[in-house]
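Derivation of every value follows stated rules applied to the coordinates shown; laboratory data play no part. The structure presented is a predicted model; accordingly, all values stated were derived computationally and were not measured. For neighbour counting, all protein chains shown are included, and Cβ atoms are generated from backbone atoms with ideal geometry for every residue, glycine included.
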Amino acid sequence: MLGEFVHSFILLALELIVLFIGISFLISILQSFIPYERIEESLKTKNKFLASWIAVFFAFITPFCSCSTIPVVVNMLKKKMPFGIVMVFLFASPVLDPTILTIMGVVLGWKVTIIYVAITSILSIVIGLALEAFGFEKSVKKVVMKNEEEEAKAFSIKNAWEETFTLMKEVLPFVLLGALIGAGIKNLVPTEWIAATLGEESIWLVPIAAILGIPLYIRLSSMIPISQVLLTKGMALGPVMALLISSAGASLPEVVMLKSIFKKELVILFVLSVFSMASISGFLFYLI
């Protein structure tokens, strides 16, 4: 059993590392041709619907985890971008990482990934604009943060490789953690138990999975192999996706950081919104 566990761990880890390096390098090349300044300017358009989708696209091309998103949000607020559009970006950014979505497509299937992108994008827009409509802009504190902008590097294959391996070093612990947990579930947890307890009829697991995901701070890169194994073992797709979205969309470190720029009521509402997004997504996956 120990040998099978080690074998599964090595295979999962190698598969993810190879995929991550290859896809990250390709995306790094593509990102060098994206006009970020023009996108930021277009976020200020008066057409909220268009600006919301631009914010989702901006979230997609900026591969940040939940904590890394906060400095960008502060910068957007300092530039007087509409509050609702900033909130759309805040919800969408950690759950729409282009590298991880590509890996998700390879590992979990493109149908699941496309549905995931559609649901999280639409819910990010609905929740972000709703918070603005209900006047929660007044709950933003006046925070002055140093705007540290990196000097733009000229595109080269060398720079693309450097960015890829820098990102890989940051994500590697999470990839290995996900592979370790995935291998453990695959070899140590009985398939029959998961199928019977967490299977198709366990719709009540969706909100529980959404609650459990928030304090875990498990990045999408960790959740992909865990999700793959849970689904293979027979766990229903709904709670798996709820766990994946809530763990990526919010975390305790992020909540602590948000307290420095948002008043308490908006921080609480943010956590409830992520929980709602994860739960609604989980239930929708049951229906689809």
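Using 0.36 nm per residue, how much length does the chain from Leu272 to Leu50 gain when fully extended, once their Cα-Cα distance is taken away?
Details: separation 222, 0.36 × 222 = 79.92 nm, distance 2.57 nm.
This chain segment gains 77.4 nm when fully extended.
What net charge is computed for the residues neighbouring Val117, neighbours being all others with C-beta under 14 Å from the C-beta of Val117, Lys and Arg scored +1, Asp and Glu -1?
On the way: positive: Lys111; negative: Asp97.
Charge balance in the 14 Å sphere: 0.
Can you compute the FRET efficiency between Trp204 and Lys80 using 1/(1 + (r/R0)^6), with r the Cβ-Cβ distance and R0 = 51 Å? Round to the nearest 0.05.
Numbers: r = 44 Å, r/R0 = 0.87.
Rounded to the nearest 0.05, the efficiency is 0.70.
Please give the peptides 49-62, 94-107 ranked by average Cβ packing (other Cβ atoms within 10 Å per residue), highest first, as a rough proxy for protection. List each step's numbers first, then the result.
Numbers: 49-62: 19.9, 94-107: 22.3.
In descending order of packing, they fall as 94-107, 49-62.
Let me know the whole percent of all Cα-Cα pairs from region 48-138 that are separated by more than 16 Å.
Values: 2120 of 4095 pairs.
Distances greater than 16 Å cover 52 percent of the Cα pairs.
Grab the beta carbon distance between Ala133 and Trp161, set R0 = 51 Å, and tell me the FRET efficiency rounded to 0.05. Write out the running numbers ahead of the final one.
Values: r = 45 Å, r/R0 = 0.88.
That gives a FRET efficiency of 0.70.
To the nearest Å, what is the center-to-center distance of region 67-93 and region 241-288, using C-alpha atoms only?
A separation of 15 Å, based on Cα centres.
Greater than 28 Å separation of Cα atoms is the criterion. Which listed pairs, Lys48/Lys158; Lys80/Lys169; Lys80/Lys111; Lys44/Lys259, meet it? Kindly include the intermediate steps, with their values, before the conclusion.
Working: Lys48/Lys158 39 Å; Lys80/Lys169 34 Å; Lys80/Lys111 38 Å; Lys44/Lys259 25 Å.
Listed pairs above 28 Å: Lys48/Lys158; Lys80/Lys169; Lys80/Lys111.
Under a point spin-label approximation (7 Å from Cα along Cα-to-Cβ), what is the Ala118-Ile39 distance to one decimal in nm?
Placing both labels 7 Å beyond Cα along the Cβ direction yields 2.3 nm.
Rounded to a whole number, what is D in µm²/s for region 225-280 from Stokes-Einstein with the Kirkwood radius over alpha-carbon pairs (25 °C, 0.890 mPa s)? It would help to have the intermediate numbers written out before the result.
Values: Rh = 12.3 Å.
The Stokes-Einstein estimate is 199 µm²/s.
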